[in-house]
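Asker: Here it is: the structure, laid out below.
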Amino acid sequence: SLGLELDALVLTGRHSPEIAVEALRLGAVDYLQKPVDAPSILRAVRSAWEKRRARADLARISARLAEDHHLTALGRMAAGAAHEINNPIAAVLSNLAAAEGELAVLDRFLAERSELARNGAATELERARQAVNELRGIVSDCVVGSRRIVDIVRGMRQLAPPEPRPTS
């Protein structure tokens, strides 16, 4: 195969419906029978050209539709993944908020117990304060990372195709 795509016009001096049908079945774009005038040949060539252009347009539109279909599928997949990620991250953020609340309770407790320092428990009190500060840093890092995940999920949802509006 030379890779050429040619449109065939059949021009014959024999009148045979069977040959005409077979030529068209094999891909001829038109079947002309002699004698034929120049306007008829011109019409057949113009028709072949329009058919070729229509096939090219159809191929271009089909390719675009296939790409749109793939992008829609990708968007739906991203939306599904976003939904699956969003639920656990919401739980993580909720638990981190609770941990921050408990750290505040510990802070108040340690502040109220500062009198222990005067009674010889300064080392244990300072160690508890360091542990609370360390936990606060860990929780803060987790909150920052979780919020980043939320932003990523939000971006993934933007890939999803718009939800169809209900018709009434």
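The values are calculated or read from the model by the stated rules, or taken from the named source; none is laboratory data. Owing to the predicted nature of the structure, the values given are computational and were not obtained by experimental measurement. Heads up, the Cβs are rebuilt from the backbone with ideal geometry, glycines too, and the neighbour counts pull from every protein chain shown. Note: areas computed on protein heavy atoms with side chains; ligands, DNA, RNA excluded. Shrake-Rupley method; radii C 1.70, N 1.55, O 1.52, S 1.80 Å.
Asker: Read through the list (1) assigned to a loop (DSSP other than H, G, I, E, B); (2) closer than 30 Å to ARG157 by Cα, then give the number of the only condition that HIS15 fails.
Answerer: (2)
Asker: Quickly run through the stretch 3-55 and pick out the residues that are in contact (Cβ under 8 Å) with a residue 40 or more places away in the chain and touching a Leu at 6+ places or on another chain (Cβ under 7 Å).
Answerer: If the condition is that a residue be in contact (Cβ under 8 Å) with a residue 40 or more places away in the chain and touching a Leu at 6+ places or on another chain (Cβ under 7 Å), then ALA48 is the only one that fits.
Asker: Name the residues in the stretch 133-149 that are surrounded by 14 or more Cβ atoms within 10 Å (Cβ to Cβ) and not charged (D, E, K, R), would you?
Answerer: Matches in the stretch 133-149: LEU135, VAL139, CYS142, VAL143, SER146, ILE149.
Asker: Determine the pairs where a residue that is within 14 Å of GLY145 (Cα to Cα) and in contact (Cβ under 8 Å) with a residue 12 or more places away in the chain, located within the stretch 81-104, has a partner that is of a type outside the set (Lys, Arg) and outside any helix (DSSP H, G or I) with Cβ atoms under 9 Å apart, the partner being 6 or more residues away or on another chain.
Answerer: Correct list of pairs: empty, since none qualify.
Asker: Does the stretch 53-81 hold any residues that are in contact with a helix residue (DSSP H, G or I) (Cβ under 8 Å, 6 or more places away or on another chain), closer than 15 Å to PRO162 by Cα, open to solvent by less than 70 Å² (accessible area, probe 1.4 Å) and aliphatic (A, V, I, L, M), and which are they?
Answerer: ALA78, ALA79
Asker: Is the stretch 40-56 home to any residue that is more than 42 Å from the chain's Cα centre (by Cα), among the basic types (Lys, Arg) and outside any helix (DSSP H, G or I)?
Answerer: The answer is no, given that none of the residues of the stretch 40-56 is more than 42 Å from the chain's Cα centre (by Cα), among the basic types (Lys, Arg) and outside any helix (DSSP H, G or I).
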